[in-house]
Amino acid sequence: MKKVNAMDIYKLLPKRNCKKCGYTCMAFATKLLEREESLDKCPFLTEENRKKILELISPPVREVSFGGKKKVVLGGEEVMYRYQKTFFNPTAIGVDVEDTLTEEEIRERAKKIEDFVFERTGEKLKLDFIVIRNKSQDPEKFVKAIKIVEEATEMPICLATNNLESLKKALDVVKQKPLIYSATKENLDEILKIIKEKNKEVALVLSSGDVKELKYMAAKCLVNGLEDVVLEPYLDPEDVFNTVDMNVMIRRSAIERGDKYLGFPILNCPIVSYFYALNNPVPPDEFFSKEDSAKIYEATVSATLLNRYADALIIHNLDIWELMPILTLRQAIYTDPRKPQEVEPGLYPIGNPDENSPVILTTNFSLTFYTVTGDFEKDNVTCWLLVMDTGGKAVDVSVAGGQYNGENAKKLIEETGIAEKVNHRIIILPALAASTRGDIEEKTGWTCVVGTRDSSQVGEFLRKNWDRILKEWREKNKS
Amino acid sequence: IDWEPPVEKYKGRIREVSFGKPKSEGGRGVVVKIGGQRALYRFEEPQPNPPVVTFDIFDMPMPSFPKPIRQYFEDVMEDPVEWAKKCVKFGADMITIHHISTDPKIKDKSPKEAAKLMEDLLQAVKVPFVIGGSGNPDKDPLVLEECAKAAEGDRCLLASANLELDYKKIVNAAMKYDHNVLAWTIMDPNMAKDLNRKLIDAGLDPNRIVMDPTTCALGYGIEFSINAMVRLRLSGLKGDELVNMPMSSGTTNANGAREAWMTNKEWGDKKYRLALWEITTGLTMLLCGVDLFMMLNPVAVKTLKKVGEKLTNKFKMPKKVDWIIA
Ligand code: B12
Ligand code: SF4
């Protein structure tokens, strides 16, 4: 497909260079191309050019959002592989709440979904939406569950029902813009009618096991003025690659073949694999209880689909051990390879350090920094943390690459003025940087002590050794 | 409304590499093949070979393994031969023996002693072997050479050749004693290409190379591995003859992730996390094109194999399963 460049966009801007948008016209064009700014920032655009630019910069996979105060944005992708540019909107993860639970149970589960958090490298990894499941098939129960969830949480919701009566009633009460699950070839016409009647803003999931059928349904939605469409290839719990294949066919059609009717976000339902695994043999059975195997299987299927184009997933379980690998994988896949993963080098006081506190040297790779500070916080470590500019490289990586060295340490010590803050000259090094000790001592004149391998052991190490290290150093440097 | 599956035409193909030899050729009877793909996705063409798992074993006990993994091997750790047999029971397609006690800093065992163990292992089980050293760049070529000789004609995989050691010695051993070579680089497709070129220049048959572009654990740089592997596989299929080799992944690295091994009440029992970390790391690599998986945890091995073997099936349209009323 044809590549758009900043010049193509620039030509359509007003060219006043007035900087109302915060940039010159040309710089603004670049920002628009990188999708780092919104077109609304330029007040002087003609309607016609605005449309033209939107056409140029809108990604081949449409961005679809749903929710109220909190929103979920799906899709918006431009490339097949993350190395080609970056992926934009992380896979949204939704967890179900059954309407057959008691009021209290519904509220509790909804809160649990909203409050779930797994913290990693300074980021709070969270769940994105709640799926209200019309298990009862009863419209009254469904409506009640919706009300409870909308009162108890601010989470975006997906309304999952097979019953058109339930859907009608639900659309009367739901306050936000919901995601509707789902239309099939058989009931699409009726559902479109209901949406029109209720005159409510919604996003709609289309489900099928056939890409061509999905395309047909998507085209029908567009004709009916419904653009917020999400495609769901059925989940095959026995052979997840059938679903992966469909995801790939859809995404490749959209991105590499320019198929507009397949240019929509993809939803997959690993929840199917969980229920399947409760009643059928799955690989981990031999080692774990049926229930635990089913959870491991659900996580396995989720990770597989996350790797290949799932823009949203619906799952069932809330165990942290099941969600940790899924959320970590999502974080990895959606980090922007164009941006270095680093933090500002410098001096970070941890706890309330004083002139007798230890000085610890680490690197400015974000993973390293957040792991170290997270560990220190948990273990109440008090210290002066020196964060060296290693070009955003981990300890062992920068030792191997030569950025973890005496010259850089010297610069850091001078720039931070750490010498005035402590009355000793001792630096604690990570065990992985033991080989740099001589070089650092020579260039800085400070004494280096090799610490532990892992930052989680530093608290223990200091409690056991710091007083002794300090005393020994003082004795040696009395004069 | 019209639509055709977006099938790509690929100029190239991935080379097929085989391990072990049939009895008719004087081997031990089990032959395992990897690679041979002519397409990226199964809907274009099913894979000719399923992914292959090679179990890690060591020539000395590994008390540092986390307990949920150690429990499966505690009774056999003293004896690598029994260890290998147990892995076969757990479904190993192949076995990787790490001769780590040859490291001068560990036990400084001689290459001859390693070769003796190699002979015992070859007698004890039928599956093909990956032969690993200790990671000591001076000693490894000597150990691999001696073991290659002991396993002559058995089509093992010598692990590994890289730019930091005398790779010519390893290349010569592979050609002389009929083995394959693992070419190991660090997450950089250009480095992988460069190493392959050097190995071929040194006399290695390109059809005997398996590439290892390094597997970083989930959460510890897996995105670098994803990029490197995908780029290598795409270049291979597009016809670059210097990188169209099958790929291997040190999936065991996943167990080094803190989220996997660390005891932490808030995170739940680590027996689940260890299994899932290895499964997730492995499956991610599988989707990037990896053919051979070096693994440690029996739960992860079973899961990856069972899920992965489906890659040789034809695409079938999935059916509706109603989970709303489940
Ligand atoms: C991801 C990775 C990369 C990424 C870099 C990512 C990044 N931004 O850093 C890329 C692909 C760029 C890369 C490149 C290279 N890499 Co690399 N890489 C890795 C890998 C897989 C993980 C590193 C990581 O993220 N660790 C996680 C972080 C959190 O760990 P950390 O920073 O060490 O912090 C921990 C501890 O050190 C400690 N800690 C931290 N601070 C402190 C402070 C104190 C006082 C204490 C006590 C403890 C402590 O606690 C932390 C948490 O556990 C490792 C292998 C591995 N370890 O699994 C290889 C590895 C480090 N790389 C290696 C090499 C050789 C290289 C290259 C030189 C390859 C090359 N020839 O080009 C280059 C060098 C690049 C450069 N510096 O210019 C080798 C190093 C071998 C060696 N020891 O000599 C390794 C070990 C792989 C291997 N087995 O060969 N690499
Ligand atoms: S506000 Fe519009 S006209 Fe002014 S500099 Fe920005 S893009 Fe150009």
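The values are calculated or read from the model by the stated rules, or taken from the named source; none is laboratory data. Remember, predicted model here, so these are calculated numbers, not experimental data. All Cβ positions, glycine included, derive from the backbone under ideal geometry; neighbour counts span all protein chains shown. Keep in mind that these areas ignore ligands, DNA and RNA; they rest on the heavy atoms of the full protein, side chains included. Shrake-Rupley method; radii C 1.70, N 1.55, O 1.52, S 1.80 Å.
Things to note:
- Any helices (runs of 4 or more DSSP H) falling wholly within segment B:67-153 and containing at least 3 residues that are open to solvent by less than 10 Å² (accessible area, probe 1.4 Å): B:80-89, B:111-124, B:140-150
- Checked against the criterion of being under 30 Å from residue A:16 (Cβ atoms) and open to solvent by 10 Å² or more (accessible area, probe 1.4 Å), the candidates A:55, A:108 yield just one match: A:55.
- Candidate set from segment A:26-49 (those that are open to solvent by 70 Å² or more (accessible area, probe 1.4 Å) and within 23 Å of residue A:89 (Cβ to Cβ)); member that is farthest from ligand 2 (Cβ to nearest atom): A:36
- Which numbered condition residue B:242 fails, given (1) more than 13 Å from every other protein chain (Cβ to nearest Cβ); (2) at positive phi: (2)
- Residue, surrounded by the fewest Cβ atoms within 10 Å (Cβ to Cβ), within segment B:154-186, restricted to residues that are in contact with a His (Cβ under 8 Å, 6 or more places away or on another chain) and within 28 Å of residue B:216 (Cα to Cα): B:155
- Of the listed requirements (1) more than 9 Å from chain B (Cβ to nearest Cβ); (2) open to solvent by less than 10 Å² (accessible area, probe 1.4 Å); (3) not basic (Lys, Arg), residue A:190 misses just one: (2).
- Qualifying residue in segment A:75-86 (condition: open to solvent by 80 Å² or more (accessible area, probe 1.4 Å), assigned by the TED database to the domain that holds residue A:202 and either out of contact with any Leu (no Cβ under 8 Å at 6 or more places or on another chain) or on the phi > 0 side of the Ramachandran plot (or both)): yes
- Unique residue being of a type in the set (A, V, I, L, M), open to solvent by less than 40 Å² (accessible area, probe 1.4 Å) and without any contact (Cβ under 8 Å) to a residue 40 or more places away in the chain when the list is A:381, A:395: A:395
- Selection of helices (runs of 4 or more DSSP H) fully inside segment B:170-272 by the criterion of at least 1 residues being modelled with pLDDT of 95 or more and polar (S, T, N, Q) returns B:189-201, B:222-238.
- Some residue of segment A:143-160 being among the polar types (S, T, N, Q), open to solvent by 60 Å² or more (accessible area, probe 1.4 Å), closer than 16 Å to residue A:97 by Cβ and touching a residue at least 12 places away in the same chain (Cβ under 8 Å): no
- Verdict on residue A:94 being open to solvent by less than 60 Å² (accessible area, probe 1.4 Å) and modelled with pLDDT of 95 or more: yes
- If you check A:307, A:280 for being at pLDDT 95 or above and more than 10 Å from chain B (Cβ to nearest Cβ), only one passes: A:280.
- Residue that is nearest to residue B:49 (Cα to Cα), among those in segment B:251-288 that are more than 7 Å from chain A (Cβ to nearest Cβ) and among the small types (Gly, Ala, Ser): B:282
- Selection of segment B:238-262 for residues being surrounded by fewer than 23 Cβ atoms within 10 Å (Cβ to Cβ) and away from ligand 1 (no atom under 15 Å from the Cβ) yields B:238, B:239, B:240, B:241, B:242.
- Against the list (1) open to solvent by less than 20 Å² (accessible area, probe 1.4 Å); (2) within 14 Å of ligand 1 (Cβ to nearest atom); (3) more than 14 Å from chain B (Cβ to nearest Cβ); (4) not polar (S, T, N, Q), the condition residue A:372 fails is (3).
- Matching residues, segment A:283-322, being in a loop (DSSP other than H, G, I, E, B) and closer than 18 Å to residue A:126 by Cβ: A:310, A:311, A:316, A:317, A:318, A:319
- Residues that are touching a residue at least 12 places away in the same chain (Cβ under 8 Å), open to solvent by less than 10 Å² (accessible area, probe 1.4 Å) and within 8 Å of chain A (Cβ to nearest Cβ) within segment B:289-325 comprise B:298, B:299, B:303, listed in sequence order.
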